[in-house]
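Here the structure comes first, spelled out in structure tokens, and everything after it is commentary.
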Amino acid sequence: MSKAHPVQVIAVSGGKGGVGKSNISVNLGIALAQKGRRVVLLDADLGLGNLDVLLGVTASNTLQDVLAGECDLRDVLVNGPGGIKIVPASSGTQHMTQLSPMEHAGLINAFSELGDQIDVLIVDTAAGISESVVSFLRASQELLLVVCDEPTSITDAYALIKLMNRDYGTSRFRILANQVSSEQEGRHLFEKLTRVTERFLDVALQYVGMVPYDEAVKKAVQRQRAVLDAYPRAKASLAIKALADKVESWPLPSSPRGHLEFFVERLVEV
């Protein structure tokens, strides 16, 4: 086996649903793959996976089969657009939403096997702040929070930041404004969130940019395509490429697999 190299583990979350998280995850993955990175995208909405539907790819095995010991994680990988690989979640499975800490550890450990084949693991988390979401956020080295201009989006993002900061000591969050009308609106949204966090929490929020509202995204979804794949010159596509440029400059973890090993060890101790 080749020497393990650092894998950048990025969790894309947002607190509430409907902020465009999955679209950001998929298109960021494609943009990084276009830069020569080997990208795996994990659909971590364990009970209601939708990435395969979003992209019109068919999955014969899912994470549920990995947990049941019926196959390896490698057997579950599906080829996605732009050279990315996708790990589909199972859809409509109650058990998958209620995994024990050991099962989560097993799942996250399974990703360590892929360590020598990937450069970036993007974790598209479920909405909300369930134990499952928190488990994946703790296993990731970068937390990218997607917010949009709705009061509930700001409130839910704040709730997630507060939980991760108070209970797990996470202090760095990257913030992306999605579906906004202008760069100015994106910054304004970020400032709104910063005002609340600065008053009550000791965290560092970093604004990583905005993705504008773009009809092309809606059209791409209807065609079961990623916007970057279907409309590479669309405003949203260009904004995501700019985000990928920034992601490339984020520091790589010092241990071979981001927080994954540390995370598994911590869970086993519990």
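The values are calculated or read from the model by the stated rules, or taken from the named source; none is laboratory data. Keep in mind the model is a prediction, meaning the values are calculated, not measured. A quick note on method: Cβ atoms are made from the backbone with ideal geometry, for glycine too, and the neighbour counts reach across all protein chains shown.
A few comments on the model shown:
- Scanning region 204-219 for residues being at pLDDT below 95 and within 20 Å of Arg166 (Cβ to Cβ) gives a total of 1.
- Candidate set: region 48-84, residues that are within 26 Å of Leu228 (Cβ to Cβ) and of a type in the set (Val, Ile, Thr); chosen: the one surrounded by the most Cβ atoms within 10 Å (Cβ to Cβ): Ile84
- Residue in region 140-158 that is farthest from Leu252 (Cα to Cα), counting only those that are surrounded by fewer than 18 Cβ atoms within 10 Å (Cβ to Cβ) and β-branched (Val, Ile, Thr): Thr152
- Residue match in region 237-254 (condition: in contact with a helix residue (DSSP H, G or I) (Cβ under 6 Å, 6 or more places away or on another chain), at pLDDT 95 or above and either surrounded by fewer than 19 Cβ atoms within 10 Å (Cβ to Cβ) or part of a loop (DSSP other than H, G, I, E, B) (or both)): yes
- Test: residue in region 107-126 that is at pLDDT below 80, within 27 Å of Cys148 (Cα to Cα) and touching an Asp or Glu at 6+ places or on another chain (Cβ under 9 Å): yes
- Residues in region 193-215 that are under 18 Å from Ala159 (Cβ atoms) and in contact with an Asp or Glu (Cβ under 9 Å, 6 or more places away or on another chain): 1 in all.
- Residue ID - nearest to Gly56 (Cα to Cα), chosen from residues in region 224-235 that are touching a residue at least 24 places away in the same chain (Cβ under 8 Å) and surrounded by fewer than 24 Cβ atoms within 10 Å (Cβ to Cβ): Gln224
- Ile161 meets the stated requirement of being under 26 Å from Val26 (Cβ atoms), touching a residue at least 24 places away in the same chain (Cβ under 8 Å) and buried (at least 23 other Cβ atoms within 10 Å of the Cβ).
- Within region 113-163, the set of residues being among the small types (Gly, Ala, Ser), touching a Gly at 6+ places or on another chain (Cβ under 8 Å) and part of a helix (DSSP H, G or I) comprises Ala139, Ser153, Ala157, Ala159.
- Top-ranked residue in region 195-222 [being out of contact with any helix residue (DSSP H, G or I) (no Cβ under 8 Å at 6 or more places or on another chain) and assigned to a strand (DSSP E or B); ranked as farthest from Lys246 (Cα to Cα)]: Ala204
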